[in-house]
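Contents: one structure, followed by commentary.
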Amino acid sequence: MTLHEQTISKIRQLPENLLKQVNDFVDFIVMDEDDDDTWSLWEQFCSVSGPSGLKFSDYCINDEEMDEYLALTISQEAE
């Protein structure tokens, strides 16, 4: 299976509520760096709180911090 096929397969398995986030992320990674309007919208998106009360920018952290956040979240859900 190619990387493209693997990625599509994973996306197809996502619940509906995560698809918008994936779509927004794809838009972000393909956007033109010289497009000031798009970057302005992206910055606005990052400042908006989601249903969890966290802003998207809260997720824009380094890998170690993300691992700690996920471990804490999983342990809280298990309680």
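The values are calculated or read from the model by the stated rules, or taken from the named source; none is laboratory data. Keep in mind that what you see is a predicted model, and the values were worked out from it rather than measured. A quick note on method: Cβ atoms are made from the backbone with ideal geometry, for glycine too, and the neighbour counts reach across all protein chains shown.
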Quiz prompt | Residues of the stretch 1-29 that turn out to be part of a helix (DSSP H, G or I), of a type in the set (A, V, I, L, M, F, W, C) and loosely packed, with under 10 Cβ neighbours inside 10 Å, as a count | solution = 2
Self-check item: Verdict on Asp32 being at pLDDT below 65 and either among the acidic types (Asp, Glu) or outside any helix (DSSP H, G or I) (or both)
Solution: no
Quiz item: Which of the residues that make up the stretch 1-23 are closer than 24 Å to Phe45 by Cα and basic (Lys, Arg)?
Solution: Lys20
